[in-house]
Amino acid sequence: MEKKRSPWSWIPTLYFAEGLPNVIVTVVALVMYKQMGLDNTETTFYTSWLNLPWMLKPIWSPFVDIIKTKRWWVIAMQLLLGASLAGVAFTIQTSFWLQATLFCFFLMAFSSATHDIAADGFYMLGLSEHDQSLFVGIRSTFYRLAMIFGQGVLVMIAGNLQVIFRNSASNIKLSWALTFYGITGLFIAMWLWHRFILPRPSQDSPRKGVSASDIMAEFGHTLVTFVQKPYFLTAVLFMLFYRMPEGFLSKITPLFLIDNNSAGGLGLSPQEFGLVSGTVGVIGLVLGGILGGIVVAKDGLHKWIWPMVCAITLPDIVYVYLSYSLTGNIVIISTCLFIEQLGYGFGFTAYMMFLIYFAQGEYKTSHYALCTALMTLSLFLPGLVAGWLQEYIGYRDYFTAVMLLCSVTFVVTKMVHIDSEFGKKEENEWE
């Protein structure tokens with residue numbers, strides 16, 4: 001009989017391993033490619049395509065259920081993630097570095113998306129319902145810590161190595177190669193740890209008697225029932241356009257922070273970027289999310305939807321201010337990013353709660369997966385053109401245009417239908 005494993009021995013590391021590849025693909029890759037000489041159009045276009053595996057995740061997630069166990073998928077994907085990280089480190093100094101690193105990042109994105117499916121499924125199988133509730137905050141905390149580590153610490157490490165090696169084109173590549181070799185070692189260590197420490201739940205087994213054709217038929221039925229939901233059109237418009245300003249900001253703000261003053265950017269060093277964006281910004285994001293969860297749980301989504309719309313849009317004006325002031329004061333920059341990310345975290349709660357609300361029903365798990373695919377699409381589409389548009393009109397006009405696009409968020413929120421009681425706790429639950 002297998003020895004019972006404490007959830008503390010594997011949940012923190014499992015969700016740190018889940019969050020780290022995501023932030024590397026979505027943020028660290030942006031900074032790296034910018035430093036290595038790509039312009040904003042190329043950087044945002046190429047890295048936007050890396051979101052594709054997360055967008056298509058609902059299509060292959062059922063196959064994770066019928067092939068092998070969730071534990072097997074977690075272990076296999078972590079090994080593949082380690083290999084893709086090593087691939088970036090190994091190819092970054094070659095003459096074909098762009099094509100090779102993009103391939104490795106895409107492999108990383110695919111492995112990370114599959115790891116998300118398996119890890120979340122394993123979490124439910126490996127814990128009792130009581131422990132699932134108990135550790136939901138722990139898993140979220142370590143996922144956020146992975147964001148701070150990736151977006152903050154890793155970028156700082158690369159920047160410090162560049163100082164040591166004296167900034168030049170070849171040494172920038174060397175600094176990033178060494179950084180990725182280091183993170184490869186960390187990921188292989190987590191793979192080895194999970195290889196031995198993850199429990200083997202008796203419920204963790206492939207679905208027997210289910211074929212691939214059965215899965216595809218089930219997916220087709222899920223898609224039909226999703227389209228037939230009440231208020232489908234306005235819900236899809238909300239899911240696609242509520243975060244439109246963020247879709248345009250998320251690809252450009254890291255580039256704005258590190259771009260030279262002569263190009264209209266703030267000219268932050270990697271160390272400064274890691275501090276203001278990867279640390280202060282992420283802390284604001286986490287606090288905003290916590291606050292959003294508290295107020296929605298108390299009063300319901302319907303009551304807080306409009307304050308959250310204002311919170312996710314209006315603080316974007318800090319980038320208009322920064323693009324005009326071009327201040328080098330780290331305290332001011334950090335304060336601006338903290339305010340914007342605090343508002344985003346608070347406002348994003350409304351979006352995630354709406355996904356849960358719309359997915360309610362007989363196929364809530366599958367419908368929620370389709371909602372998250374639309375969520376990824378909402379960032380994917382703006383990201384394809386964000387860099388081109390910014391280079392065409394400049395940072396100042398770009399951020400002003402983003403503020404104008406915030407009106408779209410207000411319009412789709414006005415159109416959407418939300419039950420006035422959704423998310424609200426019953427009175428006796430507070431007694």
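The values are calculated or read from the model by the stated rules, or taken from the named source; none is laboratory data. Computed from a predicted structure; not experimentally measured. Positions of Cβ are generated from backbone atoms using ideal geometry, with glycine treated the same way; all protein chains shown enter the neighbour counts. We work out accessible area using only protein heavy atoms, side chains counted, and drop any ligands, DNA or RNA first. Shrake-Rupley method; radii C 1.70, N 1.55, O 1.52, S 1.80 Å.
Numbers for the structure displayed
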{"quantity": "P199, sole failed condition from (1) surrounded by fewer than 18 Cβ atoms within 10 Å (Cβ to Cβ); (2) touching a helix residue (DSSP H, G or I) at 6+ places or on another chain (Cβ under 6 Å)", "calculated": "(1)"}
{"quantity": "Boolean, T69 is open to solvent by 30 Å² or more (accessible area, probe 1.4 Å), under 29 Å from S213 (Cα atoms) and modelled with pLDDT of 85 or more", "calculated": "yes"}
{"quantity": "Segment 73-100, residues that are of a type in the set (F, W, Y) and within 27 Å of S205 (Cα to Cα)", "calculated": "W73"}
{"quantity": "Entirely in segment 263-378, the helices (runs of 4 or more DSSP H) that have 1 or more residues that are within 21 Å of Y143 (Cα to Cα) and open to solvent by less than 20 Å² (accessible area, probe 1.4 Å)", "calculated": "270-275, 282-299, 330-358"}
{"quantity": "Pairs with Cβ under 7 Å, 6+ apart, first in segment 174-200 and among the hydroxyl-bearing types (S, T, Y) and at pLDDT 90 or above, second surrounded by fewer than 18 Cβ atoms within 10 Å (Cβ to Cβ) and outside any helix (DSSP H, G or I)", "calculated": "S175/F165"}
{"quantity": "Pair list, Cβ under 7 Å, 6 or more apart: segment 314-337 residue more than 13 Å from L257 (Cα to Cα), other residue β-branched (V, I, T) and open to solvent by 20 Å² or more (accessible area, probe 1.4 Å)", "calculated": "P315/I339"}
{"quantity": "Out of I148, I138, sole residue that is within 22 Å of M190 (Cβ to Cβ), β-branched (V, I, T), in a helix (DSSP H, G or I) and touching a Gly at 6+ places or on another chain (Cβ under 8 Å)", "calculated": "I148"}
{"quantity": "Qualifying residue in segment 145-159 (condition: open to solvent by 50 Å² or more (accessible area, probe 1.4 Å), at pLDDT 80 or above and touching a Phe, Trp or Tyr at 6+ places or on another chain (Cβ under 7 Å))", "calculated": "yes"}
{"quantity": "Restricting segment 377-423 to residues that are in contact (Cβ under 8 Å) with a residue 12 or more places away in the chain and among the small types (G, A, S), the residue that is nearest to I317 (Cα to Cα)", "calculated": "A401"}
{"quantity": "First in segment 75-103 and within 21 Å of F16 (Cα to Cα) and part of a helix (DSSP H, G or I), second anywhere and of a type in the set (A, V, I, L, M, F, W, C) and open to solvent by 20 Å² or more (accessible area, probe 1.4 Å), Cβ under 6 Å, 6 or more apart", "calculated": "Q78/W191; L79/W191; G82/I188; G82/W191; S84/L107"}
{"quantity": "Qualifying residue in segment 380-397 (condition: under 16 Å from the mean Cα position of the chain (by Cα), open to solvent by 30 Å² or more (accessible area, probe 1.4 Å) and closer than 26 Å to L56 by Cβ)", "calculated": "yes"}
{"quantity": "Test: residue in segment 29-36 that is open to solvent by 40 Å² or more (accessible area, probe 1.4 Å) and polar (S, T, N, Q)", "calculated": "yes"}
{"quantity": "Checklist (1) open to solvent by less than 10 Å² (accessible area, probe 1.4 Å); (2) modelled with pLDDT of 90 or more applied to I11, failing item", "calculated": "(2)"}
{"quantity": "Wholly within segment 5-48, helices (runs of 4 or more DSSP H) carrying at least 3 residues that are under 20 Å from I75 (Cα atoms)", "calculated": "11-23"}
